[in-house]
């Protein structure tokens, strides 16, 4: 099985301050763990291209794109930041990094649909699932998975795609982008009540939202996935699956208060792959979202990739 691994050095140049948990160190920790785990040479490394504004415009408003493009500080002001909200800001390299992050997801989609690889993982930042069509928020600039999914539907002609989101936070931006779109089924679990405090009030019929309380462990999450995600996915019969792969529900991650471990992420990945084998010709594109404890993040990504690449 061939798994493409998309990343780019530009994604390490976007930063929001030395204090900020969504830091370039996240990607470096993943790179280091891939080497330490001796699987880096078994992946098909690919350089993420830049998304075009046409790619972004399938999801985001012109004003949302303009606000990020035009408000990045000059590269002469390398250590300056432009605040979008209390915890999301732009530096001189954010525009470039954001284009790479979305571009990786689009390129991975094409590679999978063209049969070059069976699946792909995009080790990119900024993350995306909080970015709504009209607003960057929650560390996210553009919604990478939504941009790729729109590309699959509107350019590549797929009729049914599924989005799986296992970040500790609800993917409010992705839900807003696809609410009531009968071509899309989104399944997710998320800690509740917790940022962004969405996902529980009248979700659309194409959303399977599973709010779980703090301190929930893997056995609880596995049961909920078995009872709710998997039947919905099988009924929907997706032609391709996109994953918003956040690893901040890990028990070592202080960003949330859940109790997952690497084995849980491996199990979730195996279940998604089974659905993809049944209905989607094994086609999966996974994009990094959250995960802020560097060791737990890196170990969890390796567990996820080992299953995707059939390296267990």
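Read the figures in this text as sums done on the coordinates, not as results from a lab. Computed from a predicted model, the values in this text were never measured in an experiment. Glycine also receives a Cβ, built like all others from the backbone with ideal geometry; neighbour counts cover every protein chain displayed.
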Discussion item. Please arrange 272, 210 by how many other C-beta atoms lie within 10 Å of their C-beta, fewest to most.
Written reply: 210, 272
Practice prompt. May I ask for the distance between the Cα centers of region 36-115 and region 266-306, given as a whole number of Å?
Written response: 21 Å
Worksheet entry | Helical mean residue ellipticity (222 nm; -39500 (n - 2.57) per DSSP H run of 4+; nearest 500) of the chain | -11000 deg cm²/dmol
Practice prompt. Read through the labelled values (i) 166; (ii) 183; (iii) 114 and report the label of the one computed as volume of the Cα convex hull per residue in Å³ from the structure.
Written response: (iii)
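Between residue 201 and residue 41, what is 0.36 nm times their sequence separation minus the Cα-Cα distance? Round to one decimal in nm. Write down the numbers at each step before the final one.
On the way: separation 160, 0.36 × 160 = 57.60 nm, distance 4.52 nm.
53.1 nm is the gain from fully extending residue 201 to residue 41.
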